[in-house]
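Here the structure is laid out as structure tokens; the discussion comes afterwards.
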Amino acid sequence: MKKDIKSKAERRLKIIEGQIRGLQRMVKEEKYCIDIITQSLAVKQALSGVEDLILQNHLVTHVVDQIKSGKSEKAAKEILAIYKLSKNK
């Protein structure tokens, strides 16, 4: 994994970890439902950002290597599978 992408992903995951703890606290304290949902949506957005970073890393490392080594069909299948999964969100 590229160093800069890894550090960005780790940082974002730590932030998400804090957001999840905040969500747990909000539920425990029976905060206003809309506030909980708003926070939950923020967590989803943050996770999507992490997914984007990991995909970026995959494209600039593994996919490039696969194409160079003649495995472009495998690379295309992986990307298509991820794309289909993301459409089911």
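The values are calculated or read from the model by the stated rules, or taken from the named source; none is laboratory data. Please read these numbers as outputs of a predicted model, since none were measured by experiment. Cβ placement follows ideal geometry from the backbone for every residue including glycine, while neighbour counts extend to all protein chains displayed.
Values computed for the structure shown
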item: Unmet criterion (only one of (1) exposed (fewer than 15 other Cβ atoms within 10 Å of the Cβ); (2) aliphatic (A, V, I, L, M); (3) under 30 Å from V63 (Cα atoms)) for A9; result: (1)
item: Elements of type helices (runs of 4 or more DSSP H) contained in the range 1-82, each with 3 or more residues being touching a helix residue (DSSP H, G or I) at 6+ places or on another chain (Cβ under 8 Å); result: 3-28, 33-58
item: Among residues of the range 16-46, those that are surrounded by 14 or more Cβ atoms within 10 Å (Cβ to Cβ) and either charged (D, E, K, R) or under 26 Å from V60 (Cβ atoms) (or both), counted; result: 3
item: Matching residues, the range 58-76, being free of Cβ contacts under 8 Å to residues at least 60 places away in the same chain, more than 15 Å from the chain's Cα centre (by Cα) and surrounded by 12 or more Cβ atoms within 10 Å (Cβ to Cβ); result: V60, H62, V63, V64, Q66, I67, K71, S72, K74, A75, A76
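Here's the yes/no breakdown for (1) among the aromatic types (F, W, Y); (2) touching an Asp or Glu at 6+ places or on another chain (Cβ under 8 Å); (3) modelled with pLDDT under 95:
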site	(1), (2), (3)
R12	no, no, no
Q39	no, no, no
K44	no, no, no
L59	no, no, yes
V64	no, no, yes
E78	no, no, yes
Y83	yes, no, yes
